[in-house]
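**Q** Input: one structure, supplied below.
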Amino acid sequence: MKFIHTADIHLGCQPDRGFPWSKERSLDILSAFREFADACKKERPDLVLIAGDLFHRQPAPVELKEADSLFAGLSPIPVVLIAGNHDCIRPGSSLADFSWSPNVTLLSGKEPETVSFTDIKTVVHGFSYHSREIKAPLYDSLTAPKDENFHILLAHGGDETHIPIDKKKLAGSGFSYTALGHIHKPEFSEAGRYGFPGSLSPIDLTETGSHGYLVGELNRDEETEALKLRFVPLPSRSYIPCQVKVTEKTTNQTLFQTLGKFIKQYGASNLYKVTLNGKRDPQLTFHEEYLRTAGRIISFRDNTVPFYPIGRLLQNHQNDLIGDYISVFLPDGKEGNLTDPVRLRAFYYGLDALLSNFDTDTGES
């Protein structure tokens, strides 16, 4: 039995609000959903599983119709889904009252329920969120019946406020596979018999790496039941970390060129998390607003410290406050011994302030 498993599509989400490309990002999510449906048509699985958060919030009737039309296009392949914490079922909501296409099943109850597919000897178990948070470990006590069917648990959670999950208990629950949602990065285990496909398209800057869906195959002989899983990436705009080593020779112009080359190499349509490390010219201030024009820079972090020749400063300030300050942090005069990054930055901030206010005539700060 072959299945495709996705989760956390978040239709209706508009990532990167406040940035010029934000509207494009909402279209990325719609495009990823359409590409997923196209992939299902090519893969021809026996079953499609959606483990919660199909929508980013309570969907409007027109949004439900749009999603259902893509699912209907997969017919006769059955689609089974649950509501997650973002699209939890509210009394009287459009999601609660919507009539899905015949090949689509929403396991909408608060308590575990099932849908059976006799032709593929498979039973899907699951329940939906009816509130934004569920702190009880509701999956820990669930076990699969022992019969000739494949039993799949459709589940959403994995942190303290959204159904904590014990993976060891899942592995021992007897389910052929647990199709999980809520965690936005791919994680799966054939031995543990579970999988998080991650978000279909990234929705915030923490979601670096590949995005896509899981394809699984379940087979059984007289004695054993085998599971094979593979992750299939979808073409997607990505959040890419960009670490830049700065020296005292770096200027705003050379840094802009470095960022431009990096962005050209990895794609102008992607989104970049820029972090500056190293030692800069003490007189230099990086012009963040200007540097962001190099590309789609979603975050900019300056971890640099000013460059000062510690040995020379100690020689020149042996009998004043600056020399005393350096000696407190560096008793042996060796900067390499200051390994704590927070303490290192504090040292340089203080040194920079002292040197900026040092009176060369009086020798005082």
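The values are calculated or read from the model by the stated rules, or taken from the named source; none is laboratory data. If you're wondering where the values come from, they're calculated on a predicted model, not measured in any experiment. With ideal geometry, Cβ positions are generated from the backbone for all residues, glycine too; neighbour counts draw on all protein chains shown. Accessible surface is based on the protein model in full, side chains and every heavy atom, while ligands, DNA and RNA are left aside. Shrake-Rupley method; radii C 1.70, N 1.55, O 1.52, S 1.80 Å.
**Q** How much accessible area per residue does segment 212-251 have, counting only protein heavy atoms and a probe of 1.4 Å, in square angstrom?
**A** Details: 2360 Å² over 40 residues.
Per residue, segment 212-251 has 59 Å² of solvent-accessible surface.
**Q** With a 1.4 Å probe and every protein chain kept in, tell me what percent of the accessible surface of the chain is carbon plus sulfur.
**A** Numbers: 9050 of 17950 Å².
Ligands and nucleic acids excluded, carbon and sulfur reach 50 percent.
**Q** If you take the alpha carbon radius of gyration of the chain and divide it by 2.2 N^0.38 Å, what ratio comes out, to two decimals? Write out the running numbers ahead of the final one.
**A** Values: Rg = 27.5 Å, N = 365, 2.2 N^0.38 = 20.7 Å.
This ratio for the chain stands at 1.33.
**Q** Given the rule -39500 (n - 2.57) for each run of at least 4 DSSP H residues, summed and divided by the residues of the chain, what is its mean residue ellipticity at 222 nm, to the nearest 500 deg cm²/dmol?
**A** -7500 deg cm²/dmol
**Q** Also, quick follow-up: Using packing as a proxy for protection, rank 349-357, 44-52, 181-189 so that the peptide with the highest average count of other Cβ atoms within 10 Å comes first.
**A** Working: 349-357: 14.0, 44-52: 23.2, 181-189: 19.8.
Averaged packing, sorted descending, gives the order 44-52, 181-189, 349-357.
**Q** Let me ask something else. When a/c is below 1.5 the answer is rounded, else prolate if a/b is larger than b/c, else oblate, so apply that to segment 192-306 with a ≥ b ≥ c taken from the square roots of the Cα gyration tensor eigenvalues.
**A** Numbers: a/c = 4.24, a/b = 3.04, b/c = 1.40.
Here segment 192-306 falls in the prolate category.
**Q** Then there is this: So what's the angle, to the nearest 10 degrees on a 0 to 90 scale, between helix 252-266 and the longest Cα principal axis of the chain?
**A** In the chain, helix 252-266 runs at an angle near 20 degrees to the longest axis.
**Q** Only Lys, Arg, Asp and Glu count, each charged at its Cβ (+1, +1, -1, -1), so figure out the dipole size of the chain about its Cα centre, rounded to 20 debye. Before the final figure, lay out the partial values.
**A** Working: 39 positive and 47 negative charges, 158 e Å.
About 760 debye.
**Q** How much of Asp38 can a 1.4 Å solvent probe reach, expressed as accessible area in Å² and rounded to 10?
**A** Answer for Asp38: close to 60 Å² accessible.
**Q** If you stretched the chain out fully between Asp97 and Lys261, how much longer would it get, using 0.36 nm times the residue separation minus the C-alpha to C-alpha distance?
**A** On the way: separation 164, 0.36 × 164 = 59.04 nm, distance 5.20 nm.
Net length gain for the segment: 53.8 nm.
**Q** Just subtract the alpha-carbon distance of Arg17 and Val232 from 0.36 nm times their residue separation and send over the number in nm, one decimal.
**A** Working: separation 215, 0.36 × 215 = 77.40 nm, distance 2.84 nm.
Value of the extension gain: 74.6 nm.
**Q** What is segment 155-219 by shape, rounded, prolate or oblate, if you read a ≥ b ≥ c off the alpha carbon gyration tensor as root eigenvalues and call it rounded for a/c under 1.5, prolate for a/b larger than b/c, and oblate otherwise? Let's see the in-between values first.
**A** Values: a/c = 2.67, a/b = 1.37, b/c = 1.95.
The shape class here is oblate.
**Q** How long is the gain from Asp281 to His130 if the chain were fully straight, where each residue apart is worth 0.36 nm and the alpha carbon distance is subtracted? Can you show the working numbers first?
**A** Details: separation 151, 0.36 × 151 = 54.36 nm, distance 5.60 nm.
So the extension gain works out to 48.8 nm.
**Q** Give me the Kirkwood hydrodynamic radius of segment 4-65 in Å, from all C-alpha pairs, to one decimal place? Can you show the working numbers first?
**A** Working: mean 1/r = 0.0784 Å⁻¹.
Radius from the Kirkwood sum: 12.8 Å.
**Q** Taking the C-alpha atoms of segment 88-144, how large are the radius of gyration and the largest Cα-Cα span, Dmax, in Å?
**A** Taking only Cα atoms of segment 88-144, I get Rg and Dmax of 13.2, 37 Å.
**Q** Which one, Thr178, Trp21, Leu106, is farthest towards the positive end of the dipole of the chain when Lys and Arg carry +1 and Asp and Glu -1 on their Cβ?
**A** Trp21
**Q** Sticking with this one: Where nothing but the Cβ of Lys and Arg (+1) and of Asp and Glu (-1) is charged, how large is the charge dipole of segment 80-162 around its Cα centre, in debye to the nearest 20? Present the calculation step by step, with values, prior to reporting the outcome.
**A** On the way: 6 positive and 11 negative charges, 22 e Å.
Here the size comes out at about 100 debye.
**Q** Let me ask something else about it. Leaving out ligands and nucleic acids, and using a 1.4 Å probe, what accessible area per residue does segment 85-170 come to in Å²? Can you show the working numbers first?
**A** Details: 4450 Å² over 86 residues.
Accessible area per residue, segment 85-170: 52 Å².
**Q** Let me ask something else about it. Once both labels are modelled 7 Å past Cα along the beta-carbon direction, what's the Leu27-Arg90 spacing in nm?
**A** 3.0
**Q** Something else now. If you find the alpha carbon centre of segment 115-164 and of segment 177-208, how far apart are they in angstrom?
**A** That distance is 16 Å.
**Q** Still on this structure, please answer the following. Any idea what the relative contact order of the chain is, in percent, if you count C-alpha pairs under 8 Å spaced at least 6 apart? Mind showing how you got there, number by number?
**A** On the way: 734 pairs, mean separation 44.4, N = 365.
RCO, the chain: 12 percent.
**Q** Rounded to two decimals, what is Rg over Rh for segment 53-193 when you use alpha-carbon atoms and the Kirkwood radius?
**A** Values: Rg = 15.1 Å, Rh = 15.8 Å.
Ratio of gyration radius to Kirkwood radius: 0.96.
**Q** Nearest 10 degrees is fine. How inclined is helix 61-72 to the longest principal axis of the chain, computing both from alpha carbons?
**A** Approximately 70 degrees, to the nearest 10.
**Q** Here is a further query. Given labels modelled 7 Å from the Cα in the Cβ direction, how far is it in nm from Ser299 to Gln253?
**A** 3.2
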